[in-house]
Structure formats: C-alpha cells, structure tokens
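Chemist: Supplied in structure tokens, the structure appears directly below.
The values are calculated or read from the model by the stated rules, or taken from the named source; none is laboratory data. Bear in mind the structure is a predicted one, so any value in this text is a computation, not a measurement. Neighbour counts are summed over all protein chains in view; Cβ atoms, including those assigned to glycine, are modelled from backbone coordinates with ideal geometry. For accessibility, only protein heavy atoms count, side chains too; no ligands or nucleic acids. Shrake-Rupley method; radii C 1.70, N 1.55, O 1.52, S 1.80 Å.
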Amino acid sequence: MSAERQSRQATVTLEDLVMFINACFACSGQREFYSDQAGQAVSIDFLHQYIAGNYRRLYARTLAAGINHFNQTQIIVNLLASGRDVPDVDRREEGELIRYALRSLPPQRALRALDALRQRRVNNRRTRAVIRDYLESRRDPTFDAVKYRNRIRGLAAHAHLGFADERGAFLFRGWRERRFETELFETFRAAHYSQSAVYQLPYTVAAGLAAKHEIPEETFLEGIEGKMTELERLRVQGRAARAEISIDVELTRMPLTRLCSYLVSRPLEQREAERERFGSAMQHVAKRFVRLSRRKLGRV
C-alpha cells in the first residue's frame, strides 16, 4: 500500500472518530428543537453500528472518553451483543471498560442498558458475567431489590443468578405470603397493608404505594419529606407548591447543571426576591465544580 493511500486512510479514520465522539457528546436520544426523538435515534444508531463494525477497538475505548450516559449505554449494549470473534486481549479490555462504565452510570441507566440485552435475548457467557458482577458490586443490593424489583428480577432470571440472602424469596417466591428478617423487605411487605409503613420506605418506593393507598398528596409529601434526598426534594418543588407545602432544598449540595436548570425554572418574582440566596449558591457550587475538575481558569 502506498504511503499516500495509508495517509488517506488514516485521515478518514480520524475524521470518522472525531465525528463519532462529537456525536456522543451532543446526542442524548431525546427530542430537541432541531430534530425529533425517532429521527435522532435512527441517525445515532447507524453511526454506532458503522464505528463498531469498522473500528471496534476504538469504539470500545470511547467509553473512557467522558461521553454522555445515553451513548455509553449504547456502546455497552452493542459490544455485549456482538464480538464472538474478538481476540481475547481485546475481549478482556472491553470487559474492563464495560464494567467501569456501568459502575459510573446512575443505577437506573445501567439497569436499563442491561435490560435492553435481556429484551434482545443476548445471553452469552460474557453478558451473564457482566450482569452478575454489576449486581454484586452495588453498595446496597437490598435497596436495589426493592426500588428496581421488576428489572432486577428479570435480569436475575435472564442471567440464571441465585442469591444467598432473602433477595431470592423477595424477588421470586411469593413475598406477600411470608415475613422477612431483612428490615426493608419486611417494611415493603407491610406497606402494602399499612399506610403508616409507607413513610418508613425511601421516597421513590413509597410514592407508588401512596397512590395505591390513595393518600392525599399533601399528606404524603409532609410525611415522607425526611426520607427524601436533595435531588428528590428538588423534583417535587412544583408538586409541593401546588399542594401549598414548603419543602426546603439545600442549593449548595446540587450539581452545577442541575442547579442552573432549577434556577431558570423559577418564576421571575422568586428569582428577584431570592437573588442573594441564589447568587451565593451559584458561586459556591461553581467554585466547587472548578476545584473538583482541577482546571486552571484565568479571569472569567
């Protein structure tokens, strides 16, 4: 092969990868002002298939490039759904990248990616090992079993997993007909029959049971406030305002992007009235962001 042709191929490769990585930062798979969700999904899926087919090793390494969560999950699913003839060295590297990416994703996104493999009936040995390792790596598997019960049950059945603790009985064996030693499992069981037990559950789990018991929204929000995380407090601000309930939010604990989104969603009157509080929170969070990112900025 001539030097000129090699140079041309290298240029095409670089252009393809730059285009792909840019797309992985920009495309979120959601409807945007310049494209609908369906059209965007078709376009990004074609790009993923093209790069995976022509530059598989670099495609896998894109997981370490800081791309957004949507495209990380796409890469994870595509890698695990293919690659029967991948060399062992590349297979090990892909496995490490996949496990790292899954642990860095929010749990709902990681579980959704693994569930996509179940729905596509991808059940090779590597996929089963990845599902097993991810579920075992979780810090609080009992909480996960309650919060994501249906999804984890489906993954456990798909990967033929067994559990040494009470999760197996909770997920598969008529959990309403027995009592549990595990406190959260027993509270969840009791909350199906007792309204008072609902308030002992984490907010995301309790919300569904509150609707089942037809608990008024203002009563539920007042009773469950102590179980909410800061992000959950933020999400229910609109509902709390409609119910004429005040739920405090610690602005300085929020991530920078979420804080910005929250502030611009506030009515202008509130922004004017709380200008000093909002401004102080923005400065605090922005300084923390710069400090953690270790970036050296000039005058901004």
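Chemist: Considering each of GLY53, GLY83 in turn, give the residue that is in a helix (DSSP H, G or I) and surrounded by fewer than 22 Cβ atoms within 10 Å (Cβ to Cβ). Reasoning before the result, please.
Modeler: Working: GLY83 fails: in a helix (DSSP H, G or I).
Going through GLY53, GLY83 in turn, the sole match is GLY53.
Chemist: From the list ALA211, ALA164, ALA157, which one is outside any helix (DSSP H, G or I), out of contact with any Phe, Trp or Tyr (no Cβ under 7 Å at 6 or more places or on another chain), open to solvent by 30 Å² or more (accessible area, probe 1.4 Å) and more than 30 Å from GLU274 (Cα to Cα)?
Modeler: Values: ALA211 fails: outside any helix (DSSP H, G or I); ALA157 fails: outside any helix (DSSP H, G or I).
Checking each option against the conditions leaves just ALA164.
Chemist: Right, another one. Only one of (1) charged (D, E, K, R); (2) open to solvent by 40 Å² or more (accessible area, probe 1.4 Å); (3) closer than 22 Å to TYR262 by Cβ fails for LYS147. Which number is that?
Modeler: Condition not satisfied by LYS147: (3).
Chemist: I'm trying to understand the selection: among the residues of the stretch 187-200, which are surrounded by fewer than 17 Cβ atoms within 10 Å (Cβ to Cβ) and in a helix (DSSP H, G or I)?
Modeler: Scanning the stretch 187-200 gives ALA190, GLN195, SER196.
Chemist: Which residues, counting only those in the stretch 189-231, are under 21 Å from SER261 (Cβ atoms), of a type outside the set (A, V, I, L, M, F, W, C) and modelled with pLDDT of 85 or more?
Modeler: Correct list: TYR203, THR204.
Chemist: Out of ARG132, ARG103, ARG121, report the one residue that is outside any helix (DSSP H, G or I), open to solvent by 70 Å² or more (accessible area, probe 1.4 Å) and either free of Cβ contacts under 8 Å to residues at least 40 places away in the same chain or not β-branched (Val, Ile, Thr) (or both).
Modeler: Values: ARG132 fails: outside any helix (DSSP H, G or I); ARG103 fails: outside any helix (DSSP H, G or I).
Of the residues listed, the single one that is outside any helix (DSSP H, G or I), open to solvent by 70 Å² or more (accessible area, probe 1.4 Å) and either free of Cβ contacts under 8 Å to residues at least 40 places away in the same chain or not β-branched (Val, Ile, Thr) (or both) is ARG121.
Chemist: Then there's this: Taking the stretch 1-31 on its own, how many of its residues are within 21 Å of ASP45 (Cβ to Cβ), in a helix (DSSP H, G or I) and at pLDDT below 75?
Modeler: Within the stretch 1-31, residues that are within 21 Å of ASP45 (Cβ to Cβ), in a helix (DSSP H, G or I) and at pLDDT below 75 number 0.
Chemist: Search the stretch 170-182 for residues being buried (at least 16 other Cβ atoms within 10 Å of the Cβ) and hydrophobic (A, V, I, L, M, F, W, C), and hand back the single one that is modelled with the lowest pLDDT.
Modeler: As a first pass, look at the stretch 170-182 and keep what is buried (at least 16 other Cβ atoms within 10 Å of the Cβ): 170-171, 175, 180, 182.
Restricting the remaining residues to those that are hydrophobic (A, V, I, L, M, F, W, C) gives 170-171, 175, 180.
Values: PHE170: 92, LEU171: 91, TRP175: 73, PHE180: 92.
Within the stretch 170-182, the match that is modelled with the lowest pLDDT is TRP175.
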